[in-house]
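Visitor: For reference, the structure I am asking about is given below.
The values are calculated or read from the model by the stated rules, or taken from the named source; none is laboratory data. Quick caveat: nothing in here was measured; it's all calculated off a predicted structure. All Cβ positions, glycine included, derive from the backbone under ideal geometry; neighbour counts span all protein chains shown. Heavy atoms of the whole protein, side chains included, go into the accessibility calculation; ligands, DNA and RNA do not. Shrake-Rupley method; radii C 1.70, N 1.55, O 1.52, S 1.80 Å.
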Amino acid sequence: MRLVGAAISFGVLCFPCRKGDKLSKRRTFLVQLFSLVSRPPSTLLYSRKSANMSAKKRKATSAAGEAEPSTKQPRQENPKKEAGWLHGLIKQQREDKKDMKFNKKRERFISETQKIRQGSGGVLYWMQRDQRVQDNWALIRAQQLATKESLPLHVCFCLVVPKSELSTLRHYSFLLKGLEEVEKECKHLNIQFHLLRGAAGDVLPDFVTGHNFGAVVTDFSPLREPVQWLEAVKKGLPEDIPFIQVDAHNIVPCWVASPKLEYSARTIRGKITNLLPEFLTAFPLVDKHSFSAAKSAKAVDWDKTLASLQVDRTVGEPKWAKPGTEAGLAMLESFIDVRLKLFGEQRNDPNAAALSQLSPWLRFGQLSAQRVALQVRKNPSPSVPAFIEELVVRRELTDNFCFYNENYDNVKGAYEWAQKTLKDHAKDKREYLYTREQFEKAQTHDKLWNAAQNQMVTEGKMHGFLRMYWAKKILEWTTSPEEALSIALYLNDRYELDGQDPNGFVGCMWSICGIHDQGWAERPVFGKIRFMNYKGCLRKFNVAQFERKYCSKKV
């Protein structure tokens, strides 16, 4: 029996499956839904009945002995696609939908006024979470507004580096190198890109006033700091400037998918899937802008900017993940071509190359989840429904949790049953106890846990199945649930490229506090929180192979 997949909650798109979650019905429902939404009838997956009938026909033909030779030509293998095929295909898809209308359900007004101020100097897109040009509903909306009013279009990003152990070279290098690509593309499209230094509430209102912008559009994040930035900017903007937020991260806008905190994937799945025919659409092209600014934005010296940041440079850049949208699309292409066919059956095996590996680009908004879904759904692989469940339902569930639960990163945010069971077992005797430093240096008695930690520290990623095991063992080997959650979030957010994201918060909350899960058989320390152990991993995959690969790495 497979375990629940909270791995998407850790941003790696590799959920194991939930026991007792009516898996077969869910798979059937998703196959039918995505076939109807996205595929022509000729590409529908064969039903089990039709497959069995075909097998019977083949058996009968074989039993007939010397049959007449077939007049059909031998089946031709699919020709190998050239590298970069996806980029050209997507470019054509955008061009075909160039004049597509914007669904206004994707936006909400933060300001009272909704009319663009006349005589203004342009429209501004304040880029935050979605750091890309194409496939970005917020930028699409900003360009459409600017074009309608015959105004120049500007994009800005407010760069602020908190004084924190979580501010590392790993994260800020990935961010800045992605933004460098954004600046280049904006310049090509006659869109002015500005890099502002400082908190948005401090620098953005004056920037808007100084450039006489007539409207500000921004994207959506459910996390605490971006929500505070949004409120600070709202207070600082002139009252006659429309301030519009567009959910460019989720396929179904978070506030449209549900108006409340959802209990689990089971309760939100139907709400999201019912709305997919409306929201899982193609993207229009962000085209070369027709109206030029009177003054060009100052060019950014990206190397100098990165060198100036006060970040922890001991957490370096991993070699496997190249920043930027182009690299994200290349990773998507390789997933479709090579790994997608393995995803359905092997995604819970840390030794198998079966995962999408897309989480860093999704986390920084360099790649759109909607774009991923649009391209993956066209593949005939039986892995598609399982992947779409994780990419769409499970991932958007994490935004729902963080948007509607202010305690998304502490034990107070757990369900009542989970808080009670954790409290009841808080004083249970632990066989092992480790400090945060020991965890960070992979100095536990468990070689598998140490190997997983080493992978995270050195590569900036950890296989999703192991991230669940990893987090649950922290609960088992610390003095309290509060300490366990604090350490898990610290390690995840410091070392994972996809850290500091709703997926990570919910992943740790699922593993330690039972979020989106149910109560299980009661046991020491865990209470009714789902338990995982080393023997269970031995049954799942070749543990020794994984340990050999990563126990030799130095953190």
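Visitor: Checking Asp219 against (1) more than 23 Å from the chain's Cα centre (by Cα); (2) open to solvent by less than 10 Å² (accessible area, probe 1.4 Å); (3) among the acidic types (Asp, Glu): exactly one of these is not met. Which one?
Guide: (1)
Visitor: Got at least one residue in region 477-489 being under 17 Å from Leu448 (Cα atoms), touching a residue at least 12 places away in the same chain (Cβ under 8 Å) and part of a helix (DSSP H, G or I)?
Guide: From region 477-489, those under 17 Å from Leu448 (Cα atoms) are 477, 488; that's our starting set.
Imposing the further condition that a residue be touching a residue at least 12 places away in the same chain (Cβ under 8 Å) reduces the set to 477, 488.
Next cut, part of a helix (DSSP H, G or I) only: 488.
Yes, region 477-489 has at least one match.
Visitor: Further question on the same structure: Answer yes or no: is there a residue in region 182-191 that is open to solvent by 40 Å² or more (accessible area, probe 1.4 Å), touching a residue at least 24 places away in the same chain (Cβ under 8 Å) and not β-branched (Val, Ile, Thr). Explain how you work it out, then say what you get.
Guide: First pass over region 182-191, keeping only residues open to solvent by 40 Å² or more (accessible area, probe 1.4 Å): 184-185, 187-188.
Restricting the remaining residues to those that are touching a residue at least 24 places away in the same chain (Cβ under 8 Å) gives 185, 188.
Filter once more, keeping what is not β-branched (Val, Ile, Thr): 185, 188.
Yes.
Visitor: Out of the residues in region 307-335 meeting the condition of being polar (S, T, N, Q) and under 20 Å from the mean Cα position of the chain (by Cα), tell me which one is surrounded by the fewest Cβ atoms within 10 Å (Cβ to Cβ).
Guide: Narrowing region 307-335 to residues polar (S, T, N, Q): 308, 310, 314, 325, 334.
Next cut, under 20 Å from the mean Cα position of the chain (by Cα) only: 325, 334.
Numbers: Thr325: 25, Ser334: 16.
Filtering first and then ranking leaves Ser334.
Visitor: Sticking with this one: Six or more apart or on different chains, Cβ atoms under 9 Å: show the pairs whose first residue is in region 290-306 and over 17 Å from Gly122 (Cα atoms) and surrounded by 15 or more Cβ atoms within 10 Å (Cβ to Cβ) and whose second is modelled with pLDDT of 95 or more and among the polar types (S, T, N, Q).
Guide: Close Cβ pairs satisfying both conditions: Leu306/Ser173.
Visitor: Which residue is nearest to Glu326 (Cα to Cα), if the candidates are limited to region 105-149 and must be of a type in the set (Asp, Glu) and open to solvent by 20 Å² or more (accessible area, probe 1.4 Å)?
Guide: Within region 105-149, the subset of a type in the set (Asp, Glu) is 107, 112, 130, 135, 149.
Filter again for open to solvent by 20 Å² or more (accessible area, probe 1.4 Å), leaving 107, 112, 149.
Numbers: Glu107: 27, Glu112: 38, Glu149: 31 Å.
Selected residue: Glu107.
Visitor: Still on this model: Among (1) at pLDDT 95 or above; (2) more than 26 Å from the chain's Cα centre (by Cα), which single condition is Asp96 missing?
Guide: Looking at each condition in turn, Asp96 falls short on (1).
Visitor: Taking only region 341-357 into account, find how many residues are of a type outside the set (D, E, K, R) and surrounded by fewer than 21 Cβ atoms within 10 Å (Cβ to Cβ).
Guide: Applying the first criterion (of a type outside the set (D, E, K, R)) to region 341-357 yields 342-344, 346, 348, 350-357.
Cutting the leftovers down to surrounded by fewer than 21 Cβ atoms within 10 Å (Cβ to Cβ) gives us 342, 344, 346, 351-353, 357.
So the count comes out to 7.
Visitor: Give region 194-216 a look and list any residue that's surrounded by 18 or more Cβ atoms within 10 Å (Cβ to Cβ), touching a residue at least 40 places away in the same chain (Cβ under 8 Å) and in contact with a helix residue (DSSP H, G or I) (Cβ under 8 Å, 6 or more places away or on another chain), or say none.
Guide: His194, Leu195, Ala200, Leu204, Ala215, Val216
Visitor: Then there's this: Please report, ordered by residue number, the helices (runs of 4 or more DSSP H) entirely within region 372-467 with at least 3 residues that are within 21 Å of the chain's Cα centre (by Cα) and either touching a residue at least 12 places away in the same chain (Cβ under 8 Å) or surrounded by fewer than 16 Cβ atoms within 10 Å (Cβ to Cβ) (or both).
Guide: Details: elements: 384-388, 395-404, 416-424, 436-440, 447-459.
Those helices (runs of 4 or more DSSP H) span 384-388, 395-404, 447-459.
Visitor: Something else about it: May I ask you to say which residue of Glu416, Glu437 is in the same structural domain as Glu522 (by the TED database), closer than 18 Å to Ile515 by Cβ and among the charged types (D, E, K, R)?
Guide: Working: Glu437 fails: closer than 18 Å to Ile515 by Cβ.
Sole residue among the options that is in the same structural domain as Glu522 (by the TED database), closer than 18 Å to Ile515 by Cβ and among the charged types (D, E, K, R): Glu416.
Visitor: For Val338, only one of the following conditions fails: (1) over 17 Å from the mean Cα position of the chain (by Cα); (2) buried (at least 23 other Cβ atoms within 10 Å of the Cβ); (3) part of a helix (DSSP H, G or I). What is its number?
Guide: (2)
Visitor: Checking Ala321 against (1) touching an Asp or Glu at 6+ places or on another chain (Cβ under 6 Å); (2) assigned to a loop (DSSP other than H, G, I, E, B): exactly one of these is not met. Which one?
Guide: The number of the failed condition is (1).
Visitor: Any residue at all in region 492-509 that is surrounded by fewer than 24 Cβ atoms within 10 Å (Cβ to Cβ), modelled with pLDDT of 95 or more, assigned by the TED database to the domain that holds Leu422 and over 22 Å from Phe220 (Cα atoms)?
Guide: Taking every residue of region 492-509 in turn, at least one turns out to be surrounded by fewer than 24 Cβ atoms within 10 Å (Cβ to Cβ), modelled with pLDDT of 95 or more, assigned by the TED database to the domain that holds Leu422 and over 22 Å from Phe220 (Cα atoms).
Visitor: Open to solvent by 40 Å² or more (accessible area, probe 1.4 Å) and within 21 Å of the chain's Cα centre (by Cα): is that true of Leu261 in this structure?
Guide: Values: open to solvent by 40 Å² or more (accessible area, probe 1.4 Å): yes; within 21 Å of the chain's Cα centre (by Cα): yes.
Judged against the criteria, Leu261 is a match.
Visitor: Oh, and also: Please verify whether Leu306 is assigned to a helix (DSSP H, G or I), more than 26 Å from Gly198 (Cβ to Cβ) and out of contact with any strand residue (DSSP E or B) (no Cβ under 9 Å at 6 or more places or on another chain), treating the condition exactly as stated.
Guide: Numbers: assigned to a helix (DSSP H, G or I): yes; more than 26 Å from Gly198 (Cβ to Cβ): no; out of contact with any strand residue (DSSP E or B) (no Cβ under 9 Å at 6 or more places or on another chain): yes.
Criteria not met by Leu306.
Visitor: Looking at (1) part of a strand (DSSP E or B); (2) within 24 Å of Gly328 (Cα to Cα), can you tell me which one Leu124 breaks?
Guide: (2)
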